[in-house]
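Below is one structure, written out as structure tokens; the observations come after it.
The numbers here are math on the coordinates, done by the rules we state, and not lab data. Computed from a predicted structure; not experimentally measured. Positions of Cβ are backbone-derived with ideal geometry, glycine not excepted, and every protein chain shown enters the neighbour counts.
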Amino acid sequence: MSTQFPDDFKCPISLEIMSDPVILSSGHTFDRVSIQRWLDSGHRTCPITKLPLPEHPCLIPNHALRSLISNYTLVSPSKSQPCSQPQTLVSALTSPSSPIGTKLDSLTHLAGLTKRDSSLRRKLTESGAVPAVLKFVDSEDPVLQEKALSLLLNLSLDDDNKVGLVAEGAVNRVVKILRIGSPDCRAIAATIITSLAVVEVNKATIGAYPDAIPALVRLLIAGKGREKKEAATALYAICSFTDNRRRAIDCGAVPILINLLDLGLERAIEVLGLLVKCKEGREEMMKVNGCVKVLVKVLKNGSSRGVQYGLFTLNCLCNYSEIFCFEARKQGVLGICMGLVEEENEKIKRYLSNLVQTLNRWKPCYWM
């Protein structure tokens, strides 16, 4: 292929073209495999800025960049259609007299431009275009709605925009899409929630919306594959705020997440790893038949990150309940732990040691 990919398409770690770009809380984008390997090795700093990361870093799917990379070779630069200046596009979008077709073209072009231009994202929010974008998110036309959501997602990628977008009323619109939008729109809407929640103050604001968390939980039940994954990711992002954990539990998230985990959605164990930190979450997990078996399955077959969260969750439950501890022993968890002793991941080592100590605290004769 003669096509030369822009440097922005390459992962800063592997220097290869990214296949699954994700955004770290530092604002930098990496290929998921590369940054996950970095995190699984115990690192808690951004590879580029060297600044510290949260205990549980959130990886936000960069759908905009992924789409741009996958479509890049479809249109040769020499054959690409001329595009209007951004200011012209903004004017067409915000003008009451612009035909609907012109507004759709403006949304489409702006969504494309803001994928890769952070300065344009800032200029767009400063220009007063956000209310117009949100108006199209409310549109009953699914095409307009999806383009507007894509543009809104791009705008939300910049930390400087996140609080402002929430103040403009973005959450209310996005939650409505989670409830009644098309499958593609619902997936984008959930991703927007994840993106907005990168800023700590937004976690509380989003969770306080009456239907935000219930809508995400309903999406776990009724959504397709991508919708379920994005909904679980959004719940993980906002449930680092303690009050949101209880809201998710009250909405019945625990048995749904355990069922999805059993069906192979590993992202569910990350959410359960947050919900298990509160008493209500532990109580709900203990009510679910087969919970131990599902967690054991994660320890046997999960990724390094899944095993990490599985060990943490199981240890919290075993510490909380003798009965749960005995059930874990019956399921052969001690043997599984012995098979994990060669793991190099520091967190897995620590959680493994904690779980073994917890299991050995109770004598087997108590339950035999």
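Partners of Lys176 within straight-line reach, counting lysines whose Cα lies under 17 Å from its Cα and excluding those fewer than 8 residues away in the same chain: Lys135, Lys147, Lys228. Of all aspartates and glutamates in the structure, those lying under 12 Å Cα to Cα from Lys10, and not within fewer than 8 positions of it along the same chain, are Asp20, Asp31.
In the stretch 86-288, taking the dipole from charged Cβ atoms about the Cα centre, the farthest positive-side position among Leu144, Thr191, Asn172 is held by Thr191.
For log10 I(q)/I(0) by the Debye sum over Cα atoms at q = 0.08 Å⁻¹, one of [x] -0.50; [y] -0.56; [z] -0.44 was computed from the structure I shared and the rest are decoys. Which label? Read-out from the structure maps to [z]. How fast does the stretch 86-288 diffuse by Stokes-Einstein, in µm²/s, taking the Kirkwood radius from C-alpha pairs at 10 °C and 1.306 mPa s? Calculated translational D: 92 µm²/s.
Simple point charges give the picture: +1 on the Cβ of Lys and Arg, -1 on the Cβ of Asp and Glu, and for the stretch 86-288 a dipole about the Cα centre of about 180 debye. Separation of the stretch 15-50 from the stretch 185-218 is 23 Å, based on Cα centroids.
Each peptide in 268-280, 210-222, 292-304 was scored by the mean count of other Cβ atoms within 10 Å over its residues; highest first, the order is 268-280, 210-222, 292-304. Among the chymotrypsin sites (Phe, Trp or Tyr not before Pro) within the stretch 300-347, not one is in coil by DSSP while having at most 12 neighbouring Cβ atoms inside 10 Å.
Dipole check for the chain: with +1 at the C-beta of Lys and Arg, -1 at the C-beta of Asp and Glu, and the Cα centre as origin, the magnitude is about 680 Debye. Counting only aspartates and glutamates at least 8 places from Lys349 when in the same chain, those with an alpha carbon closer than 17 Å to its own are Asp40, Glu55.
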